[in-house]
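Undergrad: One structure, pasted below without further comment.
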Amino acid sequence: MQKKFHEGFALNGVSFQSERELQVFSKEISSEIHSFLVAWFDSSEVVTVQTSGSTGKPKRIELRKEFMKNSARATGSFFKAEEGTKALMCLSANYIAGKMMLVRALTLGWKLDVVTPDSNPLQKNVKQYDFSAMVPLQLQNSLQQLYQIKTLIVGGGVVSDSLINELNKISTKVYATYGMTETVTHIAVKQLNHINCYPNFYKVLPNVQIYKDNRSCLLIDAPKVAEELVITNDVIELISDNQFKWLGRYDNVVNSGGIKLQPEIIEEKLAKLISKRFFTVGIPDKILGEKLILIVENMPTETIRALKDKLLENHILGKYEVPKEIFNVDKFVTTTTKKIQRRKTLDLLKLKKM
């Protein structure tokens with residue numbers, strides 16, 4: 001019987017003759033990986049996965065296995081990561097990003113090593129890898145050892161300007177990804193460092209077409225990975241038929257006295273002034289309807305006072321982009337994949353004010 005995975009595939013240095021042998025071995029690594037492999041090799045044409053819940057309530061959806069393989073092939077083709085690629089998996093197999101590291105390895109014949117998906121995945125690493133995927137927090141904590149990876153993709157959050165500056169000192173090629181569970185992870189990538197020309201934008205992978213609707217939100221037609229047109233709430237600027245600039249979430253837009261403010265654009269500017277984690281959000285206001293506020297994580301009172309002065313004196317922000325108030329929260333609420341949950345964090349602030 002022909003194996004249902006590439007003959008070149010290896011997991012933690014071990015090759016396998018059968019699906020059963022692989023499943024038994026995977027129990028020693030993690031229950032999450034074992035459970036996924038059992039589902040991957042069963043007779044069903046779909047796999048049930050859970051969304052991260054960063055922009056809403058987590059939900060379970062079904063993805064066709066063939067679509068997941070198509071996504072793996074597209075990634076392998078784009079990054080020239082073919083059979084024999086040495087890859088590191090440091091993301092949870094509970095979510096699509098981790099699952100897809102397994103699918104890429106199984107489909108393309110990668111030599112995959114798995115480590116615990118913690119915030120500093122390279123701290124004990126001594127090996128060299130061709131490819132890996134991380135979230136921004138892992139990237140931040142791995143800067144000193146990032147040279148151990150040739151190509152890295154980063155998803156699940158925005159990479160700050162200050163972090164990008166650090167990446168330009170490192171040989172690793174780092175790419176931001178755009179995608180979601182419904183599109184089987186990324187359908188577009190943007191190189192973050194060692195760029196020859198600016199500005200650079202997200203470029204879609206092969207077999208993906210993009211449009212924008214009357215809200216200026218991205219529409220994705222990717223028949224190889226999604227059965228229907230994917231309607232997003234991501235506000236974009238369409239640069240060309242295969243490039244776009246991400247501006248922010250439509251559901252985050254703040255209408256303050258008739259002026260529409262896009263928090264993510266403002267946050268990009270504020271990143272030049274703030275080193276701590278932060279975000280901006282709109283809250284109800286009797287006069288303006290909504291007012292823009294800034295929420296920072298674990299920032300001392302004296303630093304907040306100095307920041308208020310900087311915002312008033314600095315010309316980085318436009319007239320209406322200056323937050324009306326600054327609030328401090330000890331620790332942001334995040335998903336298990338380390339994405340900030342803005343509304344739940346804001347709820348914490350409301351509890352403090354009551």
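Undergrad: Scan the stretch 338-351 and give yes if some residue there is touching a helix residue (DSSP H, G or I) at 6+ places or on another chain (Cβ under 8 Å), of a type outside the set (Ser, Thr, Tyr), at pLDDT 90 or above and not in a helix (DSSP H, G or I), otherwise no.
TA: no
Undergrad: Here are the criteria: (1) farther than 20 Å from CYS90 by Cα; (2) touching a helix residue (DSSP H, G or I) at 6+ places or on another chain (Cβ under 9 Å). Tell me which single one CYS197 does not satisfy.
TA: It is condition (2) that CYS197 fails.
Undergrad: May I pose another question? Please count how many residues of the stretch 146-184 are surrounded by fewer than 22 Cβ atoms within 10 Å (Cβ to Cβ) and without any contact (Cβ under 8 Å) to a residue 24 or more places away in the chain.
TA: Selection size over the stretch 146-184: 5.
Undergrad: Go through the stretch 303-337 residue by residue and tally those that are part of a loop (DSSP other than H, G, I, E, B) and charged (D, E, K, R).
TA: The total comes to 5.
Undergrad: Select, from LEU349, LEU311, the only residue that is over 19 Å from GLU264 (Cβ atoms), touching a residue at least 24 places away in the same chain (Cβ under 8 Å) and not β-branched (Val, Ile, Thr).
TA: LEU349
Undergrad: Do the conditions hold for LEU143, that is, is it under 18 Å from the mean Cα position of the chain (by Cα), buried (at least 19 other Cβ atoms within 10 Å of the Cβ) and over 21 Å from TRP40 (Cβ atoms)?
TA: No: the conditions fail for LEU143.
Undergrad: Now for a separate question. List, please: which pairs have Cβ atoms under 7 Å, are six or more places apart or on different chains, and start with a residue in the stretch 287-303 that is under 11 Å from LYS276 (Cα atoms) and end with one that is basic (Lys, Arg)?
TA: VAL296/LYS276; GLU297/LYS276; GLU297/ARG277; GLU297/LYS331; ASN298/LYS276; ASN298/LYS331; MET299/LYS276
Undergrad: State whether one or more residues within the stretch 15-30 are modelled with pLDDT of 95 or more, of a type in the set (Ser, Thr, Tyr) and part of a helix (DSSP H, G or I).
TA: Taking every residue of the stretch 15-30 in turn, at least one turns out to be modelled with pLDDT of 95 or more, of a type in the set (Ser, Thr, Tyr) and part of a helix (DSSP H, G or I).
Conditions tested, residue by residue: (1) in contact with a Leu (Cβ under 9 Å, 6 or more places away or on another chain); (2) crowded, with 23+ Cβ neighbours inside 10 Å.
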{"position": "GLU62", "(1), (2)": "no, no"}
{"position": "ALA72", "(1), (2)": "yes, yes"}
{"position": "GLU82", "(1), (2)": "yes, no"}
{"position": "MET89", "(1), (2)": "yes, yes"}
{"position": "ILE96", "(1), (2)": "yes, yes"}
{"position": "MET101", "(1), (2)": "yes, yes"}
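Undergrad: Scan ALA226, ALA222, ALA176, ALA188 and give me the residue that is within 19 Å of ARG73 (Cβ to Cβ) and assigned by TED's automatic domain parsing to the domain that holds LYS59.
TA: ALA188
Undergrad: While we're on this one: Identify the residue in the stretch 160-194 that is closer than 20 Å to THR232 by Cβ and either in a loop (DSSP other than H, G, I, E, B) or among the polar types (S, T, N, Q) (or both) and, among all such residues, is modelled with the highest pLDDT.
TA: Among residues in the stretch 160-194 that are closer than 20 Å to THR232 by Cβ and either in a loop (DSSP other than H, G, I, E, B) or among the polar types (S, T, N, Q) (or both), the one modelled with the highest pLDDT is THR177.
Undergrad: Within the stretch 1-51, how many residues are among the basic types (Lys, Arg) and touching a Ser or Thr at 6+ places or on another chain (Cβ under 8 Å)?
TA: Count: 1.
Undergrad: Then there's this: Can you list the strands (runs of 3 or more DSSP E) lying wholly within the stretch 198-253 that have 3 or more residues being in contact (Cβ under 8 Å) with a residue 12 or more places away in the chain and closer than 17 Å to THR177 by Cα?
TA: Because the criterion is at least 3 residues that are in contact (Cβ under 8 Å) with a residue 12 or more places away in the chain and closer than 17 Å to THR177 by Cα, the strands (runs of 3 or more DSSP E) in the stretch 198-253 that meet it are 202-204, 217-221, 230-238, 243-249.
Undergrad: Does the stretch 199-216 contain any residue that is touching a Lys or Arg at 6+ places or on another chain (Cβ under 7 Å), among the polar types (S, T, N, Q) and either farther than 18 Å from GLU62 by Cβ or in the same structural domain as LYS65 (by TED's automatic domain parsing) (or both)?
TA: yes
The values are calculated or read from the model by the stated rules, or taken from the named source; none is laboratory data. The structure displayed is predicted, hence computed values, not measured ones. For neighbour counting, all protein chains shown are included, and Cβ atoms are generated from backbone atoms with ideal geometry for every residue, glycine included.
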